[in-house]
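*Asks:* Have a look at this one before I ask anything.
Every number here is computed from the coordinates shown, using simple stated rules; none is lab data. Fair warning: this is a prediction, and the values are worked out from it, not measured in the lab. A quick note on method: Cβ atoms are made from the backbone with ideal geometry, for glycine too, and the neighbour counts reach across all protein chains shown.
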Amino acid sequence: LELEQELREALLHEQFVLFFQPRTDLRSGACVAAEALLRWRHPERGLVAANDFMPILESTGLVVEVGRQTLSMACRQALRWREQCKRQVSVAVNVSPLQLEQSDLAKDIDSVLRDSGISPDALTLEITETAIFHNKSRSTETLTALMDLGVQIHIDNFGSSYTSLEMLKLPPISAVKIDRVLVAGLSENRADRALIEGTIAVAHGLDKRVIAEGIETEEQRRILVELGCDEGQGYLIGQPVPAERLALC
Ligand code: G
Ligand code: G
Ligand code: MN
Ligand code: NA
């Protein structure tokens, strides 16, 4: 309860900040986007990791309000990149299951986009397969409304839980992010390699892109290029850092 109170104050005093992790085209190495990852700059405890407060934001419902702040910070950053780099660098934002359940999510995002002045396709929403699976008909409705806005929608953590290839058929989905657990097993584990290979085949057959997350070694990167994976993210390519430490142009 104390932590909940502290999180409410954090929201009020704008103690939430975004770190950004680069996402690159695996063949050219060019940075195409960055994923926004939330951190809490606590006045005494310093930088607090998302895993230490996301569950409480979720269980208290605060994630909806924090999510609005996050989206607006992320879009403002995308605008700065466009101005600095003279090209579009898209920003990816994680959307929690509770946000997806909000009936006015698309309306919210529409107004954030209008306020920021970025092009809708410069914003990507990362939604976990679990969140979509949980309430498929409702999710599909929301995802369609989001697609109509022109934002991109990616399935996050693909291959980590109730993976259903059928999800790849959903028209609003433009890419899948292969869970880092599968990527971690890529060099030693034939099963993980086969699952990734199969996912790439199905996704490409449906004209969706594939992103691998959690790339930590050169060998993993090499195999992913060999398998035809489109984009990648991970410590090998770049850690999540404050925007000013991300060299995009
Ligand atoms: O960045 P880090 O490794 O600490 O992230 C831990 C978890 O928190 C990840 O699952 C990540 O998706 C999630 N996370 C980080 N930032 C956000 C955010 O802004 N919104 C939501 N919903 N989840 C986030
Ligand atoms: O759930 P989601 O995929 O959004 O979580 C993203 C989180 O994964 C990031 O916040 C980051 O802290 C973490 N991450 C990013 N790259 C790597 C990596 O190469 N290895 C590991 N172990 N974690 C990573
Ligand atoms: Mn993510
Ligand atoms: Na992920």
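*Asks:* Order the peptides 74-80, 224-230 from the highest to the lowest mean number of other Cβ atoms within 10 Å of their residues.
*Replies:* The densest-packed peptide leads the list: 74-80, 224-230.
*Asks:* While we're looking at this one, here's another question. Given 59, 94, 112, which one lies farthest toward the positive end of the charge dipole of the chain, if we put +1 on the Cβ of every Lys and Arg and -1 on the Cβ of every Asp and Glu?
*Replies:* 112
*Asks:* Another one. Tell me which aspartates and glutamates have Cα within less than 14 Å of residue 136's Cα, excluding those fewer than 8 residues away on the same chain?
*Replies:* Cα-Cα hits under 14 Å: 101, 166.
*Asks:* Something else about it: Order of 98-106, 50-58 by packing, highest average Cβ count within 10 Å first? Before the final figure, lay out each step's value.
*Replies:* Numbers: 98-106: 17.2, 50-58: 15.7.
Packing proxy ranking, top to bottom: 98-106, 50-58.
*Asks:* Okay, next question. Below 13 angstrom from the Cβ of residue 148, what's the summed charge of the other residues (Lys, Arg +1; Asp, Glu -1)? If you can, show how the numbers build up before the last one.
*Replies:* On the way: positive: 107; negative: 110, 121, 141.
So the surrounding residues net to -2.
*Asks:* Considering the chain, which cysteines have no disulfide-compatible partner, defined as another cysteine with its Cβ under 4.7 Å away?
*Replies:* 31, 75, 229
*Asks:* Next up: From the phi angles alone, apply the Karplus equation (6.51, -1.76, 1.60; θ = phi - 60°) to the stretch 86-96 and give each ³J(HN,Hα) in whole Hz, x where the residue is Gly or Pro.
*Replies:* 6, 7, 7, 10, 7, 10, 10, 10, 6, 10, 7
*Asks:* Same structure again: So how much slack lies between residue 218 and residue 161, counting 0.36 nm per residue of separation and subtracting their Cα-Cα distance, in nm?
*Replies:* This chain segment gains 17.9 nm when fully extended.
*Asks:* Now, a different point. Which whole-number percent is the relative contact order of the chain (Cα, under 8 Å, 6+ apart)?
*Replies:* 19
*Asks:* OK, next. Assuming 0.36 nm per residue, please report the length gained on full extension of the stretch residue 249 to residue 50 beyond their Cα-Cα distance.
*Replies:* Value of the extension gain: 68.9 nm.
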